[in-house]
Amino acid sequence: MTDTADVVVIGGGVQGASLAFHLASRGARVAVVERRTIGAGATGRSSGLVRVYYDLLAEARIAATAIEWFRDWEARVGGDCGFTRPGFLWIEDGQATERVRANVASHRALGVDSHAVDAAAIRELAPGLAVTDDEVAAWEPGSGYADPSMTAGSFMRAARDRGALLLQGAVVTGIPVDGGRVRGVVTTAGTIDAPIVVNAAGCWAGGIGALAGVDLPLTVWRHDTGYLGVPAAVTRPIPVVIDIPNEMYFRPEGAELVLVGLEDDNQMGGDPDRETATAAAAFRDRAAERIVCRVPGLMEGTFRTSHSGQDGLTTTDQRPLLGPAGPDGFFLDCGHSGTGFKTSPAVGLGMAEWILDGAPRSVDLSPFAYTRVAEGRILEGEHGGAPVWR
């Protein structure tokens, strides 16, 4: 089988699905090649946080654009993304007060409803949390979480309604290059001829880059999450929380569960095809011990289930790799390092403009261009860096 397209997108996660939607909305003939099913990789294991707070202003700008898509999903995309707004807290200890305040000020200048709050205010916003007197937080009342599988599915359905082709259960085995330009993809289900190929392959992105002769600074990042039952006695509301002092994050899942993930002891490297149905043996005990430090009422909770997930992590600075790379017509939309769900509507919009118009216009993706790798540019927060995955 040989098909033709204007653009082939490799990877049917939320980033690939968003890009397909935006390209198809512009009238481009798009083919999405997915080795399994839509959202079966990192997207299906994503914790789904939707917030704007980043230490790097370039990322905050993208997230500020993306969150408007989540808030107005039915009108912009159609279907449902499951966006829920319990509010978002980024908690740090007192030593980070000036950095948090500076970041919040820069976000407010973008029009984001963000506030720097002290310990007393944190207790008022989330009475079920244990807070020390010197802690500080960024508070975004309009932020929250969404359903990653619903989000990717909505994007892909809308893309197909606009003419996109979806090829599932197909592995890309070759990216022909002739005269310095890509000519499409060879897959286990046939060949697709196209002048543009986009690598949105998540934890498989390093291998896809190699097929095009591009050595990407990527590794496989493995991350565990779990769900705990929330006893009725725990004071609500429980917001979405990134808890830097306790090296974790958590959020509500409906009315009776809370999802928790840990920021440390994540495995780097390994096979992107290994199973993700189980978490590390010690994860449940470590997660339970930590979350009861912040939410003491969960001492009476029960650990329901846990699993793992994998994404492609950029080894230079843990920021996305976007834009053209290597042979003409080869583009990157990868290296999102576990935080790409929330930015997907805006990244897809900007990448579609980059591909079709020569440059992104609606959002500035240029800081994340692959050229920064050769130039040795490391993306760091303007007011100091937040902790990274480790």
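The values are calculated or read from the model by the stated rules, or taken from the named source; none is laboratory data. Worth saying up front: this structure is predicted, and the values here are computed from it rather than measured. Cβ sites come from the backbone with ideal geometry, for glycine too, and all protein chains shown count toward neighbours. For the accessible areas, the whole protein counts, side chains as well, though only heavy atoms, and no ligand, DNA or RNA atoms are used. Shrake-Rupley method; radii C 1.70, N 1.55, O 1.52, S 1.80 Å.
Of all alpha-carbon pairs in segment 1-116, indicate the percentage at a distance above 21 angstrom. All intermediate terms of the calculation are to be shown ahead of the outcome.
Numbers: 3516 of 6670 pairs.
The answer is 53 percent, as a whole percent.
Given segment 147-201, report the % of alpha carbon pairs whose separation exceeds 19 Å. Cα-Cα pairs of segment 147-201 separated by over 19 Å account for 41 percent. A 1.4 Å probe run over segment 151-242, with the rest of the protein chains in place, finds 36 Å² accessible per residue.
Scanning residues 5 or more positions from Ala40 or on other chains, none has an amide H under 5 Å from its amide H, with H placed 1.01 Å from N in the peptide plane.
If you take the Cα centroid of segment 235-304 and the Cα centroid of segment 118-181, the two points sit 17 Å apart.
Could you sort the peptides 345-352, 26-33, 116-123 by per-residue average Cβ neighbour count (10 Å cutoff), highest mean leading?
Working: 345-352: 26.9, 26-33: 21.5, 116-123: 16.8.
Sorting 345-352, 26-33, 116-123 by mean packing, highest first, produces 345-352, 26-33, 116-123.
Ratio of Rg to Rh for segment 201-269: 1.19 [Cα atoms; Kirkwood radius as inverse mean 1/r over pairs].
Note on Asp178 and Ala109: with the Förster distance fixed at 35 Å, the Cβ-Cβ geometry gives a FRET efficiency of about 0.15.
For Asp265 and Thr97, calculate 0.36 nm times their separation in residues minus their Cα-Cα distance, and state this gained length in nm to one decimal.
My answer for the length gained is 57.9 nm.
Protection proxy ranking for 333-339, 191-197, 70-76, 51-57, using the average of other Cβ atoms within 10 Å per residue and placing the highest first: 333-339, 51-57, 191-197, 70-76.
Could you work out what % of the accessible surface of the chain is carbon and sulfur, using a 1.4 angstrom probe and leaving DNA, RNA and ligands out of the count? Reported share for carbon and sulfur atoms: 49 percent. Near Leu166, the amide H atoms lying under 5 Å from its own belong to Val32; only residues 5 or more places off or on other chains count, and H is placed 1.01 Å from N. For segment 356-381 versus segment 317-349, the inter-centroid distance based on Cα atoms is 9 Å.
DSSP assigns beta bridges within the chain; of those with both partners inside it, close to 70 percent run antiparallel.
Which order do peptides 353-365, 134-146 fall in by mean Cβ count within 10 Å, highest first? Let's see the in-between values first.
Numbers: 353-365: 16.4, 134-146: 22.4.
Result, highest mean first: 134-146, 353-365.
The alpha carbons of segment 254-353 give a radius of gyration and a Dmax of 17.8, 58 Å, in that order. P(r) tail for segment 90-141: Cα pairs beyond 15 Å make up 40% of the total.
Between Val50 and Gly144, Tyr145, Ala146, the built amide H atoms are under 5 Å apart, and every one of these is 5 or more places off in sequence or on another chain.
Rg and Dmax over the alpha-carbon atoms of the chain stand at 20.5, 67 Å. Distance distribution P(r), segment 295-367, all Cα-Cα pairs, bin width 5 angstrom from 0: 3, 13, 19, 18, 13, 8, 6, 6, 6, 4, 2, 0 percent. Of the complete DSSP H runs in the chain, those spanning 18 angstrom or more by Cα along the long axis with a mean Kyte-Doolittle score not below -1.0 are 57-71, 148-161, 344-357.
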